[in-house]
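The values are calculated or read from the model by the stated rules, or taken from the named source; none is laboratory data. Because the structure is a prediction, the values reported are computed rather than measured. All Cβ positions, even for glycine, are placed from backbone atoms using ideal geometry, and neighbour counts span all protein chains on display.
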Amino acid sequence: MKQKSSFFKALGIMLLVLFATQANAQELTVSGTVNDDFGPIIGASVLVKGTSNGSITDMNGEFTLSGVPAKGTLVISFIGYQTQEIQVNNQQKLSINLKEDSQQLQEVVVVAVGYGDVRRKDLTGSIAKADIKELVKTPVNNVAESLGGRIAGVQVSSTDGGLGDNFNIVIRGAGSLTQSTAPLYVIDGFPQETSNMGSLNPNDIESIDVLKDASATAIYGSRGANGVVIITTKKGKSGKPTISYNGSFTVGLVNNTPEMMDGYEFVKLQQEVMGAEDFKNMYLKDGNTLEDYRKFKSYDWQKEIYRTAMSHNHHVLLNGNAGDLKYSTSVSYNDQEGVIINSDLNRYQARVNLSQQFNKRLKVDANANFASTTQNGPNPSNNTSAMSTAFMYSVWAYRPVSPSGADLKDEIYDTDIDMAEDYRFNPVLSAKNEYRRNTTNTLQANLSAEYEIIKNLKFKVAAGYSSRDIKKEEFNGPNTRTGNSHPSNTQSKGINANLYQYEFRSYLNENTLTYQFNKKLHSMNVLAGLSLQKNSNYSHSVATEHISNESFGMAGLDKGTNQTIESNQGESKMMSYFGRINYNYDSRYYLNATMRADGSSKFPKNNRWGYFPSASVAWAFGREAFVSENASWLSNGKLRLSYGQTGNNRVGDFDYMAKLITSDNVYKYPWNGSFTPGFHIANKANSQLKWETTEQIDLGLDLGFFDGRINVTADYYIKTTKDLLLRADVPGSSGFSSATLNVGKLKNKGFELTLETINLKNKKFSWTSNFNIAFNSNKITALTEGKGEITSYVSWDNKYKTMPAYVSRIGESAGKMYGFIYEGTYKESDFNITTDDKGKKVYTLKEGIASYVKGCQPGDPKYKDMPTIDTNGDGIPDTGDGIINDKDRTTIGNGLPTCTGGFTNSFTYKNWDLSIFLQWSLGNDILNANRMVFENPAKKKNTNMFASYTNRWTPENPYSNMPRANALGSNEYSSLYVEDGSFLKLKSISLGYNFPAQMLRKAFISSARVFVSAENIATITGYSGSDPEVSTRNSVLTPGFDWSAYPRSFNASIGVNLTF
């Protein structure tokens, strides 16, 4: 009995254990949703802990997972959120809410650093990442248009408001005086010295990273001195294929135009300018009086040439994968009207990006982008040698009233103007009849293969090709300025045409070997590479005059006379070796070292190679135990220090050589009864020419507070460029006036601050901000031996060809405006007044009052007599010499800003989103050449003026400081025309609505957003011109010059973003 009892006890225990094991081993199918405070999270990972069994949430944040142990644990994670572990406990339906981890989101962001990517938390250099989502909220043709003010230390400016790719990007101040200051652009791994950003659709861009300090840019060596902009386009992603459409319709208009004189004020001015008899014959004929002109029709020529511009943009993107092939391909079309009649821009663009994983070791990537852009219509800011040929001159100067009552809009030119002195052509006919077409075709293609030789050791070979073809066509028929054959038209060429074509080709081969080493707390990445690049260009132009028939159009280039043919060809090659080591210990202590050697054909053999080292260290003190345990509010803290050298090779392909030029018409000599072509040495050879070298020191601090709700990035830098590539004056005994030399030194130093904050965030509402500000000072510390300054001239009118407008001096910043200091107008109290034998007043300046011209009178401009005489013997001039001459010209303005920045505020409320962006520039001046002409007739007849000129000096208005109508000595650069160009601009606003997912599901739409946006909305500035963002003759030596600019328009858009 005891044995039976023991047997049944044992059997019971075994059955109990078996049932318990089966119960524990029971597997369930678990489903649920993963949300945050705002709704479903798409793509969150749901994994059974300790296994590879997992799933990903769908478009509604839902998941279903089978084979889950009843007592198992689920691990739920997503980038930027705190990972959660959930006990199943026999539950088959779960609702999971993830909490954001802003600091983790900051740290996992990947930043392109050149030949690789690095997590933001591991950066040792100064690298900034643009927020692409913010950039594309306002539809623009060129992403550079939205980039200005978004990144500290990155200044984006444009010549004016014209169409096309006219944007200038400068990083941490100009690093050269006469060579290019543009950064190096690396688009999908292809380095190029011109941006080509206009050939990319902003919706195709995945990321834009800006490398600012030398430790970051040194990997690009001789081309990294001006900074590097790395642009990465979108790649294919795993998952179901998606189709996205982005479309918008935009209305643009000019909302700020200078007010012009009406007919009455214009005729009143002519009474002052013209002699009494001439005025009577022209304006008082047929019994008209001055008062009658108050009733005459006044023409507003600005209204005639400006229009409401309509534009539309369309972009379609296909993204997904087919097995191991990931693809992303897109097409887009942009049709943009200009606000000047007959001006527009069209762009067709297509892109493809493929990535094939052949096996665990081999991956092949291929991408290509093609864009064809056509721009039509006038470009008012084109360089001209005479003011009367500038487009806006005719618009503003054309008479607003017709004494005879004839319709001025029907006249080809103003017949009452002396065309030998000032050829005034109807601006409306100019815009309508002058054929101007610029066509640019751009192609970039890359192919790369990456093979993992052994674990963590990868070899990559890449080949790239880039081409850019530009064609510029001009045709002027009989109803155009230069095509009209009026006998008094000194600019007439008869029916004429001009064709310019430019071809650029670039070939690239890069080979890199990378090794990633990780062991315990040590992490190291090693890179070694070889790069080969060849660039070639060819250009030619054909011009012809007096084409026999207008109907030939551009096909009539061979049907005219005085044909001029020019051509040019260039080629450069570069070979580079480079290497980089990134090391960190326990993600706390970082070391980066880079070295690049570049050999360029642009320099002579003895100076062909340049070597560019850099190093940086960083200490992530926020991850130290003594900090994290005692300062829980500090979520991130890192101190960075870097030093490096980079170069600039932006010179001509053959500048170090002496060039021979020839021309059948110019360089010829008689020999044996006929002319024989001759050759002329055009420039001085320089066998010692070498790279510009820029040294840069950067000290940076990264801080994060309260789990990443507040993030601060601050950098102080000193950037010094030596051996400047300068077109410098040389002694006349050399036989040349100038040569390309390595002379001079330029220093930029500055401070940058970026503040990112999450101000408020809950289930319904969020508010985030991004504030950045940058200060930069620029100083020339050395120039050509024995020379303390460079004077610069601006081409805009013949009378100013030999008058310097800017000066760049040692000890001062580059590109300062140069002229007389204006002290107002001479008043009657400045003169001794007598009467001649005809009863006419004679004005003689009182003793001690200096004059610029003889015979000056009240109302003429009065300039400051600068101190040139030392009266007290202290070696410092304190008294003027009583004469106003060229010695009294001095600096009168600074075209470079001392401070730039931007402020973005982004809001969401339920399904609504709102973005507001402010941009500013402080400390820069503008030389307003428009006022030099249209507030200064200087005896010029029948020329309209700005309405502001009604406040000029007259005997009835004797205290005005605006020169009189017949002023002497007024055609000078002076501080009268220099204005503060500082501004605060409400740059853009975007308001969008995102439709709920459940509403879209039946239409098989995964997301849909409609939006309205506006740009160039309002500007606070003291500048009197149309817009302070202007520099029509932009260079380091001539910044902030405003003459005949294409107006910047206010744009309002409506659009939609769809994903299927």
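The single condition among (1) within 30 Å of G221 (Cα to Cα); (2) crowded, with 18+ Cβ neighbours inside 10 Å; (3) in contact (Cβ under 8 Å) with a residue 60 or more places away in the chain; (4) not basic (K, R) that S531 does not satisfy is (3). Of all residues in the stretch 475-494, exactly one satisfies the criterion of being assigned to a strand (DSSP E or B) and among the polar types (S, T, N, Q), namely N476.
Filter the stretch 833-889 down to residues that are of a type in the set (A, V, I, L, M, F, W, C) and part of a loop (DSSP other than H, G, I, E, B) and give me whichever is surrounded by the fewest Cβ atoms within 10 Å (Cβ to Cβ).
Start the filter on the stretch 833-889 by keeping residues that are of a type in the set (A, V, I, L, M, F, W, C), which leaves 833, 842, 845, 849-850, 853, 856, 866, 869, 876, 883-884.
Keeping just the survivors that are part of a loop (DSSP other than H, G, I, E, B) gives 849-850, 853, 856, 866, 876, 884.
On the way: I849: 14, A850: 17, V853: 13, C856: 22, M866: 18, I876: 9, I884: 23.
Top of the filtered list is I876.
With respect to the stated conditions, I1020 is without any contact (Cβ under 8 Å) to a residue 40 or more places away in the chain, under 25 Å from the mean Cα position of the chain (by Cα) and either within 28 Å of E823 (Cβ to Cβ) or surrounded by fewer than 23 Cβ atoms within 10 Å (Cβ to Cβ) (or both).
With surrounded by fewer than 16 Cβ atoms within 10 Å (Cβ to Cβ), within 30 Å of S492 (Cβ to Cβ) and touching a residue at least 24 places away in the same chain (Cβ under 8 Å) as the only criterion, which of S541, S551 stands out? Among S541, S551, only S541 is surrounded by fewer than 16 Cβ atoms within 10 Å (Cβ to Cβ), within 30 Å of S492 (Cβ to Cβ) and touching a residue at least 24 places away in the same chain (Cβ under 8 Å).
May I ask you to say which residue of N342, N376 is of a type outside the set (G, A, S), at positive phi and not assigned by TED's automatic domain parsing to the domain that holds K137? Give the derivation first.
On the way: N376 fails: at positive phi.
Criteria check complete, one pass: N342.
Scanning the stretch 1028-1060 for residues that are closer than 15 Å to L896 by Cβ and of a type in the set (A, V, I, L, M, F, W, C) yields a count of 4. Taken as a whole, the condition of being over 30 Å from Y959 (Cα atoms) and at pLDDT 90 or above does not apply to I821.
Can you give me the ranges of the strands (runs of 3 or more DSSP E) entirely in the stretch 8-67 with at least 2 residues that are at pLDDT below 85?
Numbers: elements: 27-36, 45-48, 54-56.
Because the criterion is at least 2 residues that are at pLDDT below 85, the strands (runs of 3 or more DSSP E) in the stretch 8-67 that meet it are 27-36, 54-56.
State whether the residues of the stretch 301-313 include one that is under 25 Å from P963 (Cβ atoms), part of a helix (DSSP H, G or I) and modelled with pLDDT of 90 or more. Yes, some residue in the stretch 301-313 is under 25 Å from P963 (Cβ atoms), part of a helix (DSSP H, G or I) and modelled with pLDDT of 90 or more.
Within the stretch 982-999, restricting attention to residues that are in a loop (DSSP other than H, G, I, E, B) and at pLDDT below 95, which residue is surrounded by the fewest Cβ atoms within 10 Å (Cβ to Cβ)? Before you say what the answer is, go through the steps one by one.
Just the residues of the stretch 982-999 that are in a loop (DSSP other than H, G, I, E, B), to begin with: 982, 995-996.
Now narrow it down to the ones that are at pLDDT below 95: 995-996.
On the way: F995: 15, P996: 11.
Top of the filtered list is P996.
From the list D707, D715, which one is under 28 Å from L914 (Cα atoms), buried (at least 16 other Cβ atoms within 10 Å of the Cβ) and in contact (Cβ under 8 Å) with a residue 40 or more places away in the chain?
Values: D715 fails: under 28 Å from L914 (Cα atoms).
Exactly one residue qualifies, and that residue is D707.
For the stretch 1030-1060, the candidate set comprises residues that are within 29 Å of H315 (Cα to Cα) and not in a strand (DSSP E or B); within that set, the residue that is nearest to the chain's Cα centre (by Cα) is R1048.
Evaluated against (1) under 31 Å from the mean Cα position of the chain (by Cα); (2) surrounded by fewer than 17 Cβ atoms within 10 Å (Cβ to Cβ), L725 falls short on exactly one condition, (2).
If you go through the stretch 610-627 and keep only what is in a strand (DSSP E or B) and in contact with a Lys or Arg (Cβ under 9 Å, 6 or more places away or on another chain), you end up with G610, Y611, F612, P613, S614, S616, V617, A618, W619.
Residue check: L317 meets all listed conditions (1) within 20 Å of S404 (Cα to Cα); (2) of a type in the set (A, V, I, L, M, F, W, C); (3) in contact (Cβ under 8 Å) with a residue 12 or more places away in the chain but one, namely (1). The criterion of being at pLDDT 95 or above and either surrounded by fewer than 17 Cβ atoms within 10 Å (Cβ to Cβ) or in a loop (DSSP other than H, G, I, E, B) (or both) holds for P963. Restricting the stretch 495-525 to residues that are modelled with pLDDT of 90 or more and part of a loop (DSSP other than H, G, I, E, B) leaves a set whose member that is farthest from the chain's Cα centre (by Cα) is L521.
Against the conditions (1) over 18 Å from S176 (Cα atoms); (2) crowded, with 18+ Cβ neighbours inside 10 Å, S792 satisfies every one except (1).
Candidates in the stretch 247-280 are the residues that are small (G, A, S) and in a helix (DSSP H, G or I); of these, the one that is farthest from E337 (Cα to Cα) is A276. Taking the conditions (1) surrounded by 16 or more Cβ atoms within 10 Å (Cβ to Cβ); (2) assigned to a loop (DSSP other than H, G, I, E, B) in turn, G405 satisfies each one other than (1).
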